[in-house]
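Enquirer: Pasting in a structure now, in structure tokens, and then I'll have a few things to ask.
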Amino acid sequence: MAAPAPTTTPTVAPPRAGLRATALLLAPQMAAACASLAVNVLAARTLGPSGRGHVALLLQVGYLTNMLAQAGTDRAYPVHAPPGRPPRAALADTARLVAPTGVLVVAAAVPVVAAAGGGSTPVSVVAFLVAAAAMIAGGAARTAAAATGTVRPYMLGAVTGQIVLVATAVAFTAGQVTDAGVWLAGYAVALACAPAVTWLLLPRVPSGSRRVDLRAARRLGLRLLPAGTATMIMLRADRLLLPALAGLDQLGVYIIVATVAELAAWTVQTWVDANTNRWHQQHLAGTLHHTRPLLAAAGYGTCAALVLLAAAPLIRPVFGDAYADAARLLPLLAAATVAYSVSRVAVGLGTAAGRARTALAADLPATITALGCYLLLIPRWGAYGAAAGSAIAYTVSALLAVTALARTRTRR
């Protein structure tokens, strides 16, 4: 349902505020992009495709665990955040929202990790537990930052984590550490640094009130959860199915380019997160327009796709001959980046208008399409089949999201 009209005209934050918050939220992701490239190269050359694939598989399980723990509140809380909520109080709010589900999903994921890929050890399981908990805490910190606009502490915390990750990867490479579980432990330590530093840097401002009622955010989060689950499956199923259907070697080849493509798409999602509250206020004021954000997403996606294509000649000299086949995946992943960018903005606009059905109408059919493509194409073409399935599924998601958004506007 759409949000009820207010009795007074809401105050809409200026676009410049959204751009500043986007830039500050994007800074950690740019740091993550640089760190990811460096760690990708070091891990690929030290662990080989199989070991790199094993680390990637367990991290994908961690990302899925984090998404289920957030239960849609990472999108819902910025919409319903109390005006003027202090940063520490907002982080306490998001922690209250994710803690119950976080404990359940992490506990449920442990048996999966223990049996994953044939390379799991006790070190891997412990490292996964720490990494998953750190991801959930980092997600809560990011949600609070996006909701309050106090982004600098989160940015510094996330950048600190990336610096620790690169330093750890350099040390492991210098020491010729070839145990995938130890590498995962390095990721876990780096991931834990980010929320810890964020909490220490948050300003200590009195909340001015007791705990707020989070039921509205929880309800919207639960309405968004099916679509969020579908999105995560669409994003991660390729990496989870590749080891089972084509082997860890194919996942190792796929992950080095899929990670770069995903980092390019993060920029759009960051922009959406930073503008959700402003779009919601524009919706209440009756001034929310869809065309300009969608065109901006398409333009950015096209530029990112061209950069990905230009990177093809660098794969062999940077990662080594074992990863040469990854270059032919880039055209498909470039197309997927354009489609994914458009779909996230369309879904974000629908969410800001209080219409969770936009996300569900786009991502559920796209997820079914993705799973069908992966099951059909990966056994025959391995990593190339995964890239083709992603391109098809993201295109379906974009078409359905834009269509659902247009229908919603027409009905209103």
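The values are calculated or read from the model by the stated rules, or taken from the named source; none is laboratory data. Bear in mind the structure is a predicted one, so any value in this text is a computation, not a measurement. Neighbour counts are summed over all protein chains in view; Cβ atoms, including those assigned to glycine, are modelled from backbone coordinates with ideal geometry. SASA here: full protein model, heavy atoms, side chains in, ligands and nucleic acids out. Shrake-Rupley method; radii C 1.70, N 1.55, O 1.52, S 1.80 Å.
Enquirer: State all residues of region 153-200 that are crowded, with 16+ Cβ neighbours inside 10 Å and among the polar types (S, T, N, Q); if no residue qualifies, say none.
Expert: Thr160, Gln162, Thr168, Thr173, Thr198
Enquirer: Let me ask something else. With the checklist (1) surrounded by fewer than 21 Cβ atoms within 10 Å (Cβ to Cβ); (2) part of a helix (DSSP H, G or I) in hand, flag the one item Ser124 doesn't pass.
Expert: (1)
Enquirer: On to the next question. Among the candidates Ala131, Ala99, Ala92, Ala107, which residue alone is assigned to a helix (DSSP H, G or I) and either crowded, with 22+ Cβ neighbours inside 10 Å or touching a Phe, Trp or Tyr at 6+ places or on another chain (Cβ under 9 Å) (or both)?
Expert: Sole residue among the options that is assigned to a helix (DSSP H, G or I) and either crowded, with 22+ Cβ neighbours inside 10 Å or touching a Phe, Trp or Tyr at 6+ places or on another chain (Cβ under 9 Å) (or both): Ala131.
Enquirer: Would you confirm, using the coordinates I've provided, whether Pro203 is of a type outside the set (A, V, I, L, M), open to solvent by less than 50 Å² (accessible area, probe 1.4 Å), touching a helix residue (DSSP H, G or I) at 6+ places or on another chain (Cβ under 8 Å) and farther than 23 Å from Leu400 by Cα?
Expert: no
Enquirer: Also, I was wondering about something else. Does region 223-237 contain any residue that is open to solvent by less than 30 Å² (accessible area, probe 1.4 Å), in contact (Cβ under 8 Å) with a residue 24 or more places away in the chain, more than 21 Å from Cys373 (Cα to Cα) and in a helix (DSSP H, G or I)?
Expert: So far as region 223-237 goes, yes, one or more of its residues are open to solvent by less than 30 Å² (accessible area, probe 1.4 Å), in contact (Cβ under 8 Å) with a residue 24 or more places away in the chain, more than 21 Å from Cys373 (Cα to Cα) and in a helix (DSSP H, G or I).
Enquirer: Quick check on my filter: what residues within region 260-275 are more than 13 Å from Ala305 (Cα to Cα), more than 11 Å from the chain's Cα centre (by Cα) and open to solvent by 20 Å² or more (accessible area, probe 1.4 Å)?
Expert: If the condition is that a residue be more than 13 Å from Ala305 (Cα to Cα), more than 11 Å from the chain's Cα centre (by Cα) and open to solvent by 20 Å² or more (accessible area, probe 1.4 Å), then Trp271 is the only one that fits.
Enquirer: Continuing with the same structure: Answer with yes or no whether Leu314 is within 11 Å of Val260 (Cβ to Cβ) and open to solvent by 30 Å² or more (accessible area, probe 1.4 Å).
Expert: Values: within 11 Å of Val260 (Cβ to Cβ): yes; open to solvent by 30 Å² or more (accessible area, probe 1.4 Å): yes.
So Leu314 passes the test.
Here is a yes/no grid of residues against (1) at pLDDT below 85; (2) in contact with an Asp or Glu (Cβ under 9 Å, 6 or more places away or on another chain); (3) of a type outside the set (S, T, N, Q):
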{"site": "Val189", "(1), (2), (3)": "no, no, yes"}
{"site": "Ala192", "(1), (2), (3)": "no, no, yes"}
{"site": "Arg204", "(1), (2), (3)": "yes, no, yes"}
{"site": "Arg218", "(1), (2), (3)": "yes, no, yes"}
{"site": "Thr229", "(1), (2), (3)": "yes, yes, no"}
{"site": "Ala237", "(1), (2), (3)": "yes, no, yes"}
{"site": "Leu242", "(1), (2), (3)": "no, no, yes"}
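Enquirer: Also, quick follow-up: Can you spot a residue in region 279-294 that is open to solvent by less than 20 Å² (accessible area, probe 1.4 Å), touching a Ser or Thr at 6+ places or on another chain (Cβ under 9 Å), under 17 Å from Val342 (Cα atoms) and part of a helix (DSSP H, G or I)?
Expert: So far as region 279-294 goes, yes, one or more of its residues are open to solvent by less than 20 Å² (accessible area, probe 1.4 Å), touching a Ser or Thr at 6+ places or on another chain (Cβ under 9 Å), under 17 Å from Val342 (Cα atoms) and part of a helix (DSSP H, G or I).
Enquirer: Looking at the structure I just gave you, is Ala353 open to solvent by less than 40 Å² (accessible area, probe 1.4 Å), within 21 Å of the chain's Cα centre (by Cα) and not basic (Lys, Arg)?
Expert: For Ala353, the condition - open to solvent by less than 40 Å² (accessible area, probe 1.4 Å), within 21 Å of the chain's Cα centre (by Cα) and not basic (Lys, Arg) - is not met.
Enquirer: Six or more apart or on different chains, Cβ under 8 Å: which pairs go from a residue in region 134-149 that's touching a residue at least 24 places away in the same chain (Cβ under 8 Å) and closer than 9 Å to Ala95 by Cβ to one that's open to solvent by 20 Å² or more (accessible area, probe 1.4 Å) and acidic (Asp, Glu)? Could you list them?
Expert: From residues that are touching a residue at least 24 places away in the same chain (Cβ under 8 Å) and closer than 9 Å to Ala95 by Cβ, there are no pairs.
Enquirer: Does Ala244 fit the bill of being in a helix (DSSP H, G or I), within 28 Å of Asp321 (Cβ to Cβ) and open to solvent by 40 Å² or more (accessible area, probe 1.4 Å)?
Expert: It is true that Ala244 is in a helix (DSSP H, G or I), within 28 Å of Asp321 (Cβ to Cβ) and open to solvent by 40 Å² or more (accessible area, probe 1.4 Å).
Enquirer: Of all residues in region 385-409, count the ones that are more than 15 Å from Gly372 (Cβ to Cβ) and surrounded by 20 or more Cβ atoms within 10 Å (Cβ to Cβ).
Expert: Within region 385-409, residues that are more than 15 Å from Gly372 (Cβ to Cβ) and surrounded by 20 or more Cβ atoms within 10 Å (Cβ to Cβ) number 7.
Enquirer: Quick one: which of Thr302, Thr287, Thr267, Thr276 is within 12 Å of Leu349 (Cβ to Cβ) and not hydrophobic (A, V, I, L, M, F, W, C)? Outline the logic, then answer.
Expert: Working: Thr302 fails: within 12 Å of Leu349 (Cβ to Cβ); Thr287 fails: within 12 Å of Leu349 (Cβ to Cβ); Thr267 fails: within 12 Å of Leu349 (Cβ to Cβ).
The unique qualifying residue is Thr276.
Enquirer: Here's something else I'd like to know. Can you say whether Arg75 is open to solvent by 20 Å² or more (accessible area, probe 1.4 Å) and either more than 17 Å from the chain's Cα centre (by Cα) or of a type in the set (Ser, Thr, Tyr) (or both), as far as the supplied structure shows?
Expert: Judged against the criteria, Arg75 is not a match.
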